[in-house]
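**Q** Supplied in structure tokens, the structure appears directly below.
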Amino acid sequence: MTLTPDVGPDPLSSPNSSPISDSHRRDTEPANAPSAMAREPGQVIIGLEVHCQLDTRTKLFCACSTDYRDDGPNTHVCPVCLGLPGTMPAVNRRAVEFALKVAKAFHCEIPEECEFSRKNYFYPDLNKGYQITQYDRPLALGGYIEIEGEEGGEKRVRLTRIHMEEDPGRLVHKGGGDRSRYSLVDYNRSGVPLIEIVTEPDLRSPKEARRLLAKLRATLEYLGVYDSEKEGSLRVDANISISGHDRVEVKNISSYRGVEKALTFEITRQRSLIRRGATVERETRHFVEARGTTTASRSKVEEHDYRYFPEPDLPPLRVASWVAEIALPELPDARRERFMQQYGLSVNHARTLTGDLRLAEFFESVDASTSLTSPATATWVADTLLGELNYRDRSITTVDLPRLTALLDLVQAGTITDRSGVEVLRAVLDTPEEPAAIVERLGLAVTGEDTVATAIAEVIAEHPQAVADYRTGKGNALNYLAGQVMKKTRGRADPRELGRRLAEALTE
Ligand SMILES: [Zn+2]
């Protein structure tokens with residue numbers, strides 16, 4: 001790090017910098033909103049402030065380990081992150097590099113110099129009485145994230161800024177919620193590096209907000225700077241309004257899944273107020289995850305004055321040479337294009353499979369080891385397997401790759417039908433059994449020629465009307481008869497052969 005005097009230009013005079021100084025009090029209507037984003041009356045307008053923990057080994061300003069989740073309270077602390085008098089912070093270079101990677105990946109403008117500031121307020125989880133964050137000279141300005149738009153195609157969601165800050169500690173309310181009699185504070189989280197990513201109010205539905213977070217999360221994981229499996233590693237505040245009415249800030253959305261729920265509830269609430277002729281109050285509300293609702297904060301919203309000033313213990317950061325050295329890995333969009341080119345996948349399969357780093361890697365490993373074609377493998381992984389995993393609330397990392405490959409090979413060899421394959425897949429997920437043994441145990445192997453021939457003969461004898469229909473040229477009759485044969489063989493007739501054999505039998 002180079003220590004330099006603070007001689008940079010005043011960022012507030014830069015046309016690219018937002019006039020907003022405190023993201024928590026951000027207006028949803030920036031003065032520089034382009035006319036392309038013009039709003040229709042009744043339009044939903046959403047902007048997000050997303051806090052992500054950077055996956056560094058140590059905290060932002062001290063050497064305490066960030067791997068605190070399985071440990072007792074206040075065991076990952078030192079005089080710096082406890083904010084004891086006389087201690088000095090020292091910036092974790094890796095955390096800055098991680099934040100710069102994110103800024104570069106999202107096409108932000110990265111000023112040559114940025115600066116940390118003190119945000120002064122008192123709260124028990126903030127032991128110093130102030131939080132070290134970035135204020136008017138953030139790490140990155142502007143930029144955008146591309147998501148799948150409502151009418152297909154890509155939509156650009158503009159970013160206002162990305163800045164770095166330290167996570168506060170965590171309060172534990174004993175007794176739960178409103179009935180708690182006292183609170184405990186755990187400083188293990190205090191000083192963990194965060195980036196706050198602030199979007200412009202470009203989102204138009206809860207679904208778009210979910211897509212934005214999914215894209216954000218995937219990109220951060222591709223960059224290797226974030227671990228979504230760590231509890232509480234992503235927290236969201238959302239600004240929501242209906243065009244022409246005041247906005248509401250919903251705070252405290254602490255899960256990825258909660259965002260769509262919180263926004264959907266809030267939009268319904270605001271729309272119903274407007275319909276009844278009531279006013280939407282400009283206020284801060286809290287998301288109550290367990291109930292899926294938002295509630296007004298008990299205290300009246302005050303316009304806080306945080307008395308920001310430059311952090312006197314940290315010189316401005318000159319990052320230009322670091323930025324030049326950052327090489328970005330393949331990111332989700334590039335990988336999606338590659339999956340379509342290299343494996344011949346549909347855009348939907350490619351999008352699903354590349355939307356999560358672990359899933360993308362899993363697909364490539366399976367594809368490399370099975371004899372099934374890539375598009376068929378994609379269908380199995382993106383549709384069937386993901387459906388079964390969602391049902392079980394399990395992640396892709398719990399799937400036994402060799403057994404899945406063995407199952408797909410049985411399908412490819414024609415030993416089992418696709419339909420039986422799904423049954424085998426469920427057993428692969430729920431038991432430690434090998435696919436071949438499952439096929440044996442459940443009697444799922446494709447039925448022999450004789451059995452199928454018998455079933456065909458029986459079906460022809462039992463359904464004279466359908467046979468007559470077929471002979472007078474009604475195309476559906478053949479499908480109906482094939483369905484009857486499948487029923488008789490309990491789905492074990494090879495579907496690729498069945499149509500041909502039935503047609504043969506019917507012309508005899
Ligand atoms: Zn520490």
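The values are calculated or read from the model by the stated rules, or taken from the named source; none is laboratory data. Computed from a predicted structure; not experimentally measured. Neighbour counts are summed over all protein chains in view; Cβ atoms, including those assigned to glycine, are modelled from backbone coordinates with ideal geometry.
**Q** Does Val424 count as buried (at least 17 other Cβ atoms within 10 Å of the Cβ), in contact with a Pro (Cβ under 9 Å, 6 or more places away or on another chain) and not aromatic (Phe, Trp, Tyr)?
**A** Against the criterion (buried (at least 17 other Cβ atoms within 10 Å of the Cβ), in contact with a Pro (Cβ under 9 Å, 6 or more places away or on another chain) and not aromatic (Phe, Trp, Tyr)), Val424 qualifies.
**Q** Is it true that some residue in segment 211-224 is polar (S, T, N, Q) and either out of contact with any strand residue (DSSP E or B) (no Cβ under 8 Å at 6 or more places or on another chain) or part of a helix (DSSP H, G or I) (or both)?
**A** Checked segment 211-224: at least one residue is polar (S, T, N, Q) and either out of contact with any strand residue (DSSP E or B) (no Cβ under 8 Å at 6 or more places or on another chain) or part of a helix (DSSP H, G or I) (or both).
**Q** Which numbered condition trips up Arg492, out of (1) of a type in the set (Lys, Arg); (2) outside any helix (DSSP H, G or I); (3) surrounded by fewer than 18 Cβ atoms within 10 Å (Cβ to Cβ)?
**A** Condition (3) is where Arg492 drops out.
**Q** Could you check Arg285 against (1) modelled with pLDDT of 90 or more; (2) in a helix (DSSP H, G or I); (3) farther than 22 Å from Pro41 by Cα and say which number it fails?
**A** Of the numbered conditions (1) modelled with pLDDT of 90 or more; (2) in a helix (DSSP H, G or I); (3) farther than 22 Å from Pro41 by Cα, the odd one out for Arg285 is (2).
**Q** Here's another thing I want to ask about it. Which of the residues spanning segment 65-99 are closer than 30 Å to Leu159 by Cβ and part of a loop (DSSP other than H, G, I, E, B)?
**A** Across segment 65-99, the qualifying residues are Thr66, Asp67, Tyr68, Arg69, Cys81, Pro89, Ala90, Val91, Asn92.
**Q** Counting only residues that are among the charged types (D, E, K, R) and part of a loop (DSSP other than H, G, I, E, B), which one in segment 141-158 is surrounded by the most Cβ atoms within 10 Å (Cβ to Cβ)?
**A** Of everything passing the filter in segment 141-158, Glu150 is surrounded by the most Cβ atoms within 10 Å (Cβ to Cβ).
**Q** Right, here's the next one. Check Tyr182, Tyr226 and return the single one that is at pLDDT 95 or above and touching a Lys or Arg at 6+ places or on another chain (Cβ under 9 Å).
**A** Tyr226
**Q** Kindly indicate whether Arg271 is touching a strand residue (DSSP E or B) at 6+ places or on another chain (Cβ under 7 Å), assigned to a helix (DSSP H, G or I) and charged (D, E, K, R).
**A** Taking the combined requirement at face value, the residue satisfies it.
**Q** To continue, here is another question. (1) modelled with pLDDT of 90 or more; (2) surrounded by 13 or more Cβ atoms within 10 Å (Cβ to Cβ); (3) of a type outside the set (Lys, Arg); (4) not in a helix (DSSP H, G or I): which one isn't true of Ser371, the others all being true?
**A** Result: Ser371 passes all but (2).
**Q** Tally up the residues in segment 381-413 that are touching a residue at least 40 places away in the same chain (Cβ under 8 Å) and assigned to a helix (DSSP H, G or I), please.
**A** Number of matching residues: 7.
**Q** State which residue pairs qualify: first residue without any contact (Cβ under 8 Å) to a residue 24 or more places away in the chain and inside segment 274-295, second residue exposed (fewer than 15 other Cβ atoms within 10 Å of the Cβ) in any location, beta carbons under 7 Å apart, and separation of 6 or more residues or different chains.
**A** Filtered contacts from segment 274-295: Val288/Thr295.
**Q** Hey, another quick one. Where the second residue is surrounded by fewer than 14 Cβ atoms within 10 Å (Cβ to Cβ) and the first is among the basic types (Lys, Arg) and lies in segment 335-348, which pairs have Cβ atoms under 9 Å and are six or more apart or on separate chains?
**A** These pairs meet every condition: Arg336/Val347; Arg338/Glu330.
**Q** Only one residue in Glu150, Glu146, Glu166 is under 19 Å from Glu97 (Cβ atoms) and either charged (D, E, K, R) or at pLDDT 95 or above (or both), so which one is that?
**A** Residue meeting the stated conditions: Glu166.
**Q** Another question about this same structure. Taking segment 59-89, which residues are touching a residue at least 40 places away in the same chain (Cβ under 8 Å), more than 9 Å from the ligand (Cβ to nearest atom) and of a type outside the set (Phe, Trp, Tyr)?
**A** Across segment 59-89, the qualifying residues are Leu60, Thr66, Arg69, Asp71, Pro73, Asn74, Thr75, Gly83, Met88, Pro89.
**Q** Specify the residue that is farthest from the ligand (Cβ to nearest atom); the eligible residues are those in segment 42-58 that are in a loop (DSSP other than H, G, I, E, B) and touching a helix residue (DSSP H, G or I) at 6+ places or on another chain (Cβ under 9 Å).
**A** Gly42
**Q** Then there's this: Got at least one residue in segment 308-319 being within 30 Å of the chain's Cα centre (by Cα), surrounded by 10 or more Cβ atoms within 10 Å (Cβ to Cβ) and over 30 Å from Pro41 (Cβ atoms)?
**A** Looking for residues that are within 30 Å of the chain's Cα centre (by Cα), surrounded by 10 or more Cβ atoms within 10 Å (Cβ to Cβ) and over 30 Å from Pro41 (Cβ atoms), one finds at least one in segment 308-319, hence yes.
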